[in-house]
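Okay, structure first, notes after.
The values are calculated or read from the model by the stated rules, or taken from the named source; none is laboratory data. What you are looking at is a predicted structure, and each value in this text was computed from that prediction instead of being measured. Note that we place each Cβ from the backbone using ideal geometry, even for glycine, and neighbour counts take in every protein chain shown. Just so you know, the surface numbers come from the protein's heavy atoms only, side chains and all, with ligands and any DNA or RNA stripped out. Shrake-Rupley method; radii C 1.70, N 1.55, O 1.52, S 1.80 Å.
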Amino acid sequence: PRLRKQAKVYRHVYRGEVWYVVQDMASGRFLRLNRIAYSIAAMLDGMRSVNELWELACLRFGEDAPSQDEVIQLLSQLHQANVLATDETPDLNDLEVRSRQSIKNKFKQYLANPLALRFPLIDPDGLLGALVGWVPARALPVIFLLWLGLFICGASLALLHWDALVKDISSLAFSSRYVFLMFFAFPLIKIIHEFGHGLAIKLFGGQCHEMGVMFLVLMPVPYVDATHSLSFETRWRRMIVGAAGMMAELAVATIALWMWTWTQPGIFKAFLHEIVLIAAV
């Protein structure tokens, strides 16, 4: 056996322990291996037999060496992740079974969680790449400082107008007008939220090939597939991708709050107040 050319490996450190993430570049699927499992996977050069691999592992790791069953299980996981090749003729029946099983598993996920149905719609990678193409890497700290300044301004505005913001908030938030406005404000804010994740991935050189709608308790909410952030070797980048949606929402909340301070009472002011509640609180 050997690893396919489309298999790409990333070295990560989780809580002081080294792990290796193997990605199938064709499908985007990931498999995480510990140090010993990756040492065996790294010896898959198409020349050594499985028995030779196991004997080498026993010599290298001694009492910590995996058993024969564990080696076979590792090879099975690599096979399921589509990153393992052998000198055997590909089993077309096996490929067909795996394809049907993948479709069946997705269908089972839908049945198991009917209140969070996902429907992919577009590939946003090109659009996101165009949006971040003009941003040089050295500008990232400046962008963060600008966001931090905006957030501080928003927090200051909230403190200055705190009484007006929270006055009768419990009765307002559950009034018919606010509930009606929420159906417009919530999806809009979540689109910005998901674009925040996608833009962060592209800023760090990743890929984002799926965007769609998820019906979360029957409420249509946009989503993006941000799993490519698993390939980022720097944990801070993975953390920023995870936080980017909330960072985008806080920026929107600050702008909405600033507009709310000088808008006359009415439906638009109520809409801005709704945005502040959803995006900030």
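Between Arg11, Arg100, the distinction of being basic (Lys, Arg), in a helix (DSSP H, G or I) and either open to solvent by 30 Å² or more (accessible area, probe 1.4 Å) or modelled with pLDDT under 90 (or both) belongs to Arg100 only.
The set of residues from the stretch 164-180 being of a type outside the set (Phe, Trp, Tyr) and closer than 17 Å to Ala253 by Cα comprises Ala164, Leu165, Val166, Ile169, Ala173.
The condition (being among the basic types (Lys, Arg), touching a residue at least 24 places away in the same chain (Cβ under 8 Å) and open to solvent by 60 Å² or more (accessible area, probe 1.4 Å)) is satisfied by just one residue among Arg4, Arg60: Arg4. If His197 meets every condition in (1) open to solvent by less than 80 Å² (accessible area, probe 1.4 Å); (2) over 30 Å from Glu17 (Cα atoms); (3) in a helix (DSSP H, G or I) apart from one, which number is that one? Single failed check for His197: (2). Inside the stretch 204-234, residues that are out of contact with any strand residue (DSSP E or B) (no Cβ under 8 Å at 6 or more places or on another chain) and open to solvent by less than 60 Å² (accessible area, probe 1.4 Å) make up a count of 6.
The residue of the stretch 22-46 that is modelled with the lowest pLDDT, among those that are open to solvent by 60 Å² or more (accessible area, probe 1.4 Å) and charged (D, E, K, R), is Arg29. Of Leu181, Leu131, all but one fail to be closer than 14 Å to Val276 by Cα and either part of a helix (DSSP H, G or I) or over 20 Å from the mean Cα position of the chain (by Cα) (or both); the exception is Leu181. Restricting to the stretch 128-159, and then to whatever is out of contact with any helix residue (DSSP H, G or I) (no Cβ under 7 Å at 6 or more places or on another chain) and at pLDDT below 85, can you tell me which residue is least open to solvent (accessible area, probe 1.4 Å)? Filtering the stretch 128-159 for residues that are out of contact with any helix residue (DSSP H, G or I) (no Cβ under 7 Å at 6 or more places or on another chain) and at pLDDT below 85, the one least open to solvent (accessible area, probe 1.4 Å) comes out as Ala139. Filtering the stretch 235-281 down to residues that are touching a helix residue (DSSP H, G or I) at 6+ places or on another chain (Cβ under 9 Å) and not in a helix (DSSP H, G or I), which residue is least open to solvent (accessible area, probe 1.4 Å)? Looking at the filtered set, the residue picked out is Thr263. Taken over the stretch 160-187, the criterion of being under 14 Å from Val281 (Cα atoms), at pLDDT 85 or above and exposed (fewer than 11 other Cβ atoms within 10 Å of the Cβ) is satisfied by Trp162 alone.
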